[in-house]
Each structure stands twice: as C-alpha cells, then as structure tokens.
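I have placed the structure first, in the form of structure tokens, so that the comments after it can refer back to it.
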Amino acid sequence: MESVFRQHRWNRRTKRAITRTEVYARMVRAIGVLEPLSLVDLTAPGVMASQFGLNLSQLSSRRYVHTQRIAALVHALAEPDGAPRFDGVLYPSRNNHPAACAVLFDRAAEKLALVDDIALRDHIDWPSFLRTYQVVVLPA
C-alpha cells in the first residue's frame with residue numbers, strides 16, 4: 001500500500017493530505033501467482049554493494065540507470081538449455097525500508113492472474129494506512 005503513494009513523499013512530510021477525488025481515482029490491483037516465480041534475491045545486507053558495486057546514493061537515486069543495468073543483467077541470465085533463468089528481481093525498498101519490492105519481467109505474465117481491481121477507498125488496508133501515515137483526506 002505504501003508504494004502506491006511514494007510520489008507524494010509522505011515519509012518526508014509532517015502534514016500529509018490527499019483529495020477525495022484523487023482517492024476515488026486510484027485502485028489496487030490484486031494479482032494471484034499461479035506458478036512459482038523464480039526471483040533473484042538482492043535483499044541480503046550488502047548484496048547490492050558487494051555483488052554489483054553500487055553505493056547507497058546510486059541505489060536510492062531517482063536515476064534508474066544503475067538498477068536498470070542490474071535488471072538487464074538478470075533478465076539475460078539463462079539456463080544451459082537457453083530457457084530464462086529468472087522471472088524477476090526481489091530488491092530492498094528505498095522508500096519503505098526494510099520492506100522488499102519485486103519487479104517482474106514480461107515473461108512472468110503467464111504465471112500470474114488478475115484476481116481483482118479494488119477501489120483504493122475499499123481496500124482493507126486503507127484505514128490503517130491513513131492512521132499510520134497520519135494522512136488527511138480533503139473534500140475536494
């Protein structure tokens with residue numbers, strides 16, 4: 001849920017607000033996993049720095065050149081028979097540490113199914129999100 005609103009930079013603000021119009025325009029897409037996904041796990045401490053030579057500034061930058069390079073390397077990895085080795089990458093969240101995020105490659109689509117599109121205001125975690133981040137919903 002938190003990643004839906006990171007563009008607002010609420011983790012850096014003391015006064016947090018969103019308009020009702022914006023809330024009503026957003027949804028949460030629930031995705032089901034039909035088959036096991038093979039993900040490269042980059043969440044272990046120091047992996048990004050030791051294995052890929054990245055520093056904290058490069059990892060948290062809004063310039064994605066470094067992380068896109070890693071994703072391209074992982075995407076290209078193949079089994080001996082030529083089959084793709086990984087469906088995506090599990091990586092540390094820069095906005096919601098210590099949580100992890102996942103990026104899935106297009107080829108993972110056949111292992112997924114749309115379960116539901118849920119209006120944000122109806123999502124079960126919406127009330128707790130508002131409390132946790134002390135967000136006020138404005139009328140307009």
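Only the coordinates and a few stated rules stand behind these numbers; no lab work does. Here the structure is a predicted model, which is why all the values come from computation and not from measurement. All Cβ positions, even for glycine, are placed from backbone atoms using ideal geometry, and neighbour counts span all protein chains on display.
Points worth noting:
- Counting only alpha carbon atoms, the long axis of helix 65-76 and the longest principal axis of the chain meet at about 50°.
- For the chain: relative contact order, % (alpha-carbon pairs under 8 angstrom, 6 or more apart): 43 percent
- The GNM of the chain, with springs linking C-alpha atoms under 10 angstrom apart, assigns the highest mean-square fluctuation among 67, 19, 43 to 19.
- Hydrodynamic radius by Kirkwood, which averages 1/r over all alpha carbon pairs of the chain, in angstrom: 17.4 Å
- Spatially, the stretch 18-81 and the stretch 83-125 are offset by 9 Å when compared through their Cα centroids.
- The phi-based Karplus calculation (6.51 cos²θ - 1.76 cosθ + 1.60; θ = phi - 60°) puts the 3J(HN,Hα) values of the stretch 122-132 at 9, 5, 4, 8, 4, x, 5, 4, 4, 5, 4 Hz, whole numbers, x for Gly and Pro.
- In this structure, residue 132 and residue 63 have a Cβ-Cβ separation that, at R0 = 30 Å, corresponds to a calculated FRET efficiency of about 0.55.
- With both labels modelled 7 Å from their Cα along Cα-to-Cβ, the residue 26 to residue 112 distance reads 1.9 nm.
- Helical contribution to [θ] at 222 nm, DSSP H n ≥ 4, -39,500 (n - 2.57), averaged over the chain, rounded to 500: -6500 deg cm²/dmol
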